[in-house]
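*Asks:* Take this structure, written in structure tokens, and hold onto it; I'll ask about it next.
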Amino acid sequence: MFGYLFITFCDEFVVTIFFRFATKAVDNIIAGVRKMLEEVPWIKNNKQTYAGFTEKMNKLTKIIGYPDGLDDQARLDRLHADFALSANETLNSLYLKSSKFLAKSILDDRVVRRLNVASTNAVYNPFGNRIIIHLGRLQMNSQNDIPAAIYGSLGAVIGHEIIHGFDGSSVLVDYGHINPWMSPSGKVSFDSMAHCVINEYNELNYTDPNGQFYKVNGVQTAGENVADNSGLRAAYNAFLSDPE
């Protein structure tokens, strides 16, 4: 219900003009990620790995702002019809009713019920093979922002999350199930690429004004570093390909 209120009172610019731009930007970045990864030799030259990558990209879904139906009051009323509360509820009865109601989200309309549209975040859900850009994140941009600034901020975040669909954990998941889709040789090449990134970041260090020395742990941040680098590149290429 909070999601419905957030959408209702959200800035009109966000839910109209910028929503359309963000949708176009997401499509451009998805296309950019596809083109970028298709050029990787150990992907395009390996039949099994290329087939797994292509199928995963083809089945990638997206939710921009909020899922379909979250702005439909009648539908929300139907979803919450069995969540009736009275003035006589106890703490235990409230807990039991809310737990029962939330448990239904596992099997029934789980996206609509569990998505926090007010979050200023974007995420990739590996078991749904889905990129989600919350409405709160779209609000962080202004109607005065130029496309270059939007692609460099929101676009880089979107690219980052899409790349998570192909990071060290997600290569073990196809389009929603634990099912490694790379060939053995492809996985070796992937690990080699990952180690290059790890070694690069292991060389980074910093000494603060007090003389305290800090060293980056490339292993600990490997997935995020791959997503940052590749996501920003995908966003930049998408910006260059956008005629507007």
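*Asks:* Just to check I understand the Karplus step: with θ = phi - 60° and J = 6.51 cos²θ - 1.76 cosθ + 1.60, what whole-Hz values come out for segment 168-180, glycine and proline as x?
*Replies:* x, 7, 6, 6, 8, 10, 7, 10, x, 10, 5, 6, x
*Asks:* Ordered by packing density, taken as the mean number of other Cβ atoms within 10 Å over each peptide's residues, highest first, how do 27-33, 168-174 rank?
*Replies:* 27-33, 168-174
*Asks:* Taking the highest mean first, how do the peptides 19-25, 61-67, 233-239 order by number of other beta carbon atoms within 10 angstrom per residue? Write out the running numbers ahead of the final one.
*Replies:* On the way: 19-25: 17.0, 61-67: 19.7, 233-239: 21.9.
In descending order of packing, they fall as 233-239, 61-67, 19-25.
*Asks:* Which lysines, on any chain, are close to residue 47 with Cα under 21 Å apart, when same-chain ones fewer than 8 places away are left out?
*Replies:* Result set, ordered by chain and number: 35, 56, 59, 187.
*Asks:* Let me ask something additional. For segment 126-244, just the Cα atoms, rotate onto the principal axes and tell me the three extents in Å, largest first.
*Replies:* Result, largest extent first: 49, 42, 26 Å.
Bear in mind that the values in this text are calculations on the coordinates, not laboratory data. A quick note: this is a predicted structure, and the numbers were derived from the prediction, not measured. Virtual Cβ from ideal backbone geometry, glycine too; neighbours counted across all protein chains shown.
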